Every structure is written in structure tokens, then in C-alpha cells.
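The values are calculated or read from the model by the stated rules, or taken from the named source; none is laboratory data. Just so it is clear, the model here is predicted, and its values are computed rather than measured. Neighbour counts are summed over all protein chains in view; Cβ atoms, including those assigned to glycine, are modelled from backbone coordinates with ideal geometry.
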Amino acid sequence: MTAIPSSPASPSQEVEPKGFLGLVVRVGNKIPDITTLFVSALVIVLLVSALLSFVNFDYINPATDEKIQIVNMLAPDRLVDLMATAVTNFATFPALGMVIVATIGIGIADSSGYINPALRKLLSFTPKSLLTPMIIVASMLSHLGPDTGYVVIIPVAAYMFYAVGKHPLAGIAASFAGIAGAFAANYTPSAIDPVIQGFTEPAARIIDPSYSVNILANYFYSLGATFTVIPALWLVTEKWVEPWLQKNFPLDVTSDDIEKIDTPLTSRENRALFISTGVFVLAVIGLVISLLPADSAWRAPETGSLTAPDAPIMKSIVMMIFVLTGLVGLLYGFLSGRFTGPKGVSKAMETMTETLVPLIVFYFFAAQFMWAFNQSQIGSLLAVSGAEFLQNLNLPPQLTVLGIILFVACLNLIITSASAKWAILAPIFVPMLMGVGIAPELTQATFRVSDSAINVITPMFAFYPLIITYCQRYVKKSGIGTLSSMMLPYSIGLMVTLTITLFIFWGFNIPLGLDSSYVYPRP
């Protein structure tokens, strides 16, 4: 798909939003990049630990039954420990290996060209009356490929809306909302699951050193939320956003602005897509069948469980993503002619892992921050004192969870990276809420509600400039204000729908996911 050139003038640079939105833009622009943020956080932890080490606290750490005493991380022996363990901290950082392995497999599928035509084919069979929900579903599924939704689904959705006489910006809005909603509502696990779990589990071990969090601890909630999120986004699109766009944003389109992006696949590409998808489905069916026997090698050796933390299938989820996406990518790549030899496959994996460089740099400093934060006992102090404060308030747990949702929503206006936010919040919220009986799996799901809902309205979101250029192809005056205002109903819809769904799950005690709970300690 060839990129459509944007107009020479950039309305996104000319439009300066006023009021609260303008304040968010100005404040957000002053925030340093994520890596610098965590370098600063590490320095703050070192300094604060030195100051608090002279203070006598009366709190008891429930994990050790010992009095909490802040450790001075600026002491010479502790600085030496930091230097000596820095590489190990990074190498053993929970999310690092999982993200890299999953991305290598997804890279094969993405570079082979499979993901783009597969999503386009899905949309091509869709009647006009079901176009909006199908675009939302395709946007959710696009999480199988990193950033695929932003570079493939959004422009395709805009064109398809335009082609059937609907407002193209409504297609952009619906697909953008679907991509954002998929962080908490999706049919399949995605790369965000191991990333989030990689911060939740170490945070839980501040209180309980033996605590384990399943990578799919929120999967049932994510799957269930699709049944409420898709109708909600569909309703918002048809009843509010598109009529509002039709009334206020007449199209400003010339033949030079729009080119046909739904070019039919060649017969060779169609054949490759059919065969590779068929093999993928058969592989999934074969995997499911192999799980059924009571003595399956995928089951836990002691209990025979498929969902226990020591079950091989649970330990292999990331490798499953690697194998299945790699398999479909290899088949499509060679059958379509995109791959002509092993070098092409190696290049595909290398190219995709290049996109991880900023994340890997961030992980290095995040690993040092989390090590120092835990070693200093600041995390234990915040968790125990915060839990005592919440106990004294004697709030119902539902109000506590609602407060966390609203707090994260406000923070997400400025810090949009899920991994960056959760790296900061998990060591505080997870153990603190464990102290009042709220399980880490519920705290993690609570975080994901706000993270999904707010990304679409903050100009700090990394893909905002790209999405604005898509809008400008159809409405030249589009800018930050245009995108934020048309996404606001979706943000409200996602926040309300995801929160209600979470409380329904909680009220009926429906499991959030594999090996998950609502209360701590486990009943």
C-alpha cells in the first residue's frame, strides 16, 4: 500500500487547542521522553531512600514480619551492588525476553505481507450495514501485528467508509477506537499481555514472594468485554460521531488526495493467503487436540492442570505466538513470492526487532529503577502505609477500584505508554491493594480499563500526528482539536463500558482469566 501524500500545509501545527485540551498539550510537551523519565525516577529513588533511611517507621512488612526500615541506596555498598547487578537486572527483567521472542515471530508474519491482505480480505466481504462493527473487530485483531492497525486498518477503514458514502473520518474514528479498546477487550492474547504481567508479578512479590501472575490472568475479561465494547463503539459511531461529522466537516477531497488502497489481491496472493490461513487453522486445531488427553505433555506434571503456572502450555504461550505467527508468515511469504530465500526471512525478523530498540533501552533503566525501588523498601513502605490508609477509610473495594480507574485516566492524558505507566504504578498499587484484600489480577485489569479508554483523546499519544494526516486527506482543516473532539464520545463509551463489564464480572465472580482471583489472599 503506497502512502498517500499529505497536504503541504499541516493544520495539526496551525490549530492550537484552547482550554483544558490546550493545557494537556502544553504540559505534555514539557514531559521528557520515557527513558529520561526513568533515569530521573532512579535518581529520585536513590535520593529519597537516603533521606528516609534516617526515619523510624512503625510499619511491619507482612512478607517478612519484620519492621520496615528504608535502605540507603546511596551508601557505598549499595551503589556497588547496583553496579554489580545492573546487567543481571536487565537480563532477567520479566518482560524483556517474552517481548523479543513474540516480536520475532510476528515480524515474519508482518514482513511477509500476510497481515495486511488478511485484514483487507476480512473487510472486503463485509456488507455496508455491518461495515462499522467489522472494522472495529478488524482493528481489535490488528493487535496481532505491532502497529498494524495504525498503518493498515485506519486508512483502509477511512477509504471503505468513503467508498460507500459514509463520512471517512468516522471510519478513522471507529478503527482508532477499536485499536485502543483492544488493550482491554480482544479475542486473542496480544503482546501487551506479557508486558503488563511482567510488571504485575514482581510488584505482587513485594508482599508475597511466592506469588505468580498468569500471562493470561485477564484474558476472560478481555474476551467478555468484546461483547459490550463492540456494540458500544458501533452505537457511538452511527448515532453520534458520523452525524456530527457529516454536519460539521464537509469533505475536501481531490483525486490527488485519494488513491485506491483496496487493490485486489493477485491470484498468487489469494492462493497464498488461503493456504497459509488454512494451515494456521489446522495448527491451532491440532494444538487444541493435543491438550485434551489427561496425560498430555502440555499439562502440569503433578496436577494435570492446563492453567497452573507450572503447566508447560502456560510457560509456552509466548513461544506459541512465535511459532504460529512465524509459520503463517513463512508460508505466505514463500507462496506469494515475498520471500525468495532464508535471507529474506532473517531480514524480516531483524527489521521487526529494530522497532524494539527504544523499548529495550527503556527496559534497561526500568529494570534498575525497579531493583532500587524494591531493595530500598520504599515499595513496601508505600504499600503497607497506603493499605493502612485505605483500611482506615473503610471504603468498599468497588469504590477503591473506581478511584484507581479515575486516577489512571487522568495520568494517561500525559503519559500514554502502558508499559511506562504500569512500571511506575504497579510497585505501588499492586501491593497496596493486596493489603486491603484486592488481588493483583484485579488491580491489573483495573489499570487496563483506563489505559484503553483515554489514549484516543490525548494529543500525547505517539500515533496522533499520523492519524491526523489520515484525516487531512479528506478534511484539510483537520487538526488536534478535530481528532480529540471526535474521539471524546468513544473515550467516554470505552470508559463506561469497560468499567461496567469489569464490575459485572466481579459481581458474578466470573474469573478474570487463567489462574486469577478478585481477593487476596486467595479464598
**Fill in**
For the range 488-523 the number of residues that are hydrophobic (A, V, I, L, M, F, W, C) and farther than 19 Å from residue 225 by Cβ is 2
**Complete:** Going through the range 220-233 in order, the residues found to be more than 13 Å from residue 487 (Cα to Cα), crowded, with 20+ Cβ neighbours inside 10 Å and not β-branched (Val, Ile, Thr) are 221, 222, 225, 232
**Message:** Quick check on my filter: what residues within the range 356-408 are among the small types (Gly, Ala, Ser), closer than 18 Å to residue 433 by Cα and modelled with pLDDT under 85?
**Reply:** 379, 380, 383, 385, 386, 387
**Prompt:** List, please: which pairs have Cβ atoms under 6 Å, are six or more places apart or on different chains, and start with a residue in the range 222-237 that is over 26 Å from residue 441 (Cβ atoms) and end with one that is assigned to a helix (DSSP H, G or I)?
**Reply:** 234/132; 234/133; 236/489; 236/490; 236/493; 237/132; 237/170; 237/174
**Prompt:** Restricting attention to the range 140-165, and to residues there that are assigned to a loop (DSSP other than H, G, I, E, B) and surrounded by fewer than 22 Cβ atoms within 10 Å (Cβ to Cβ), which single residue is modelled with the lowest pLDDT?
**Reply:** 146
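Can you name every one of the helices (runs of 4 or more DSSP H) wholly within the range 414-513 that holds 1 or more residues which are farther than 26 Å from residue 175 by Cβ? Talk me through it step by step, then tell me what you get.
On the way: elements: 418-434, 440-454, 464-472, 480-507.
Passing ranges, in order: 418-434, 440-454, 480-507.
Looking at 115, 60 in this structure, which one is crowded, with 18+ Cβ neighbours inside 10 Å and modelled with pLDDT under 90?
Of the residues listed, the single one that is crowded, with 18+ Cβ neighbours inside 10 Å and modelled with pLDDT under 90 is 115.
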**Prompt:** Only one of these conditions is not met by residue 206: (1) closer than 23 Å to residue 490 by Cα; (2) touching a Gly at 6+ places or on another chain (Cβ under 7 Å). Which number is it?
**Reply:** (1)
**Message:** For the range 323-336, check the following and say yes or no: at least one residue is surrounded by 14 or more Cβ atoms within 10 Å (Cβ to Cβ), modelled with pLDDT under 80, in contact with an Asp or Glu (Cβ under 7 Å, 6 or more places away or on another chain) and more than 20 Å from residue 188 (Cβ to Cβ).
**Reply:** no
**Prompt:** Restricted to the range 167-218, and to residues that are under 20 Å from residue 320 (Cα atoms) and not in a loop (DSSP other than H, G, I, E, B), which residue is farthest from the chain's Cα centre (by Cα)?
**Reply:** 198
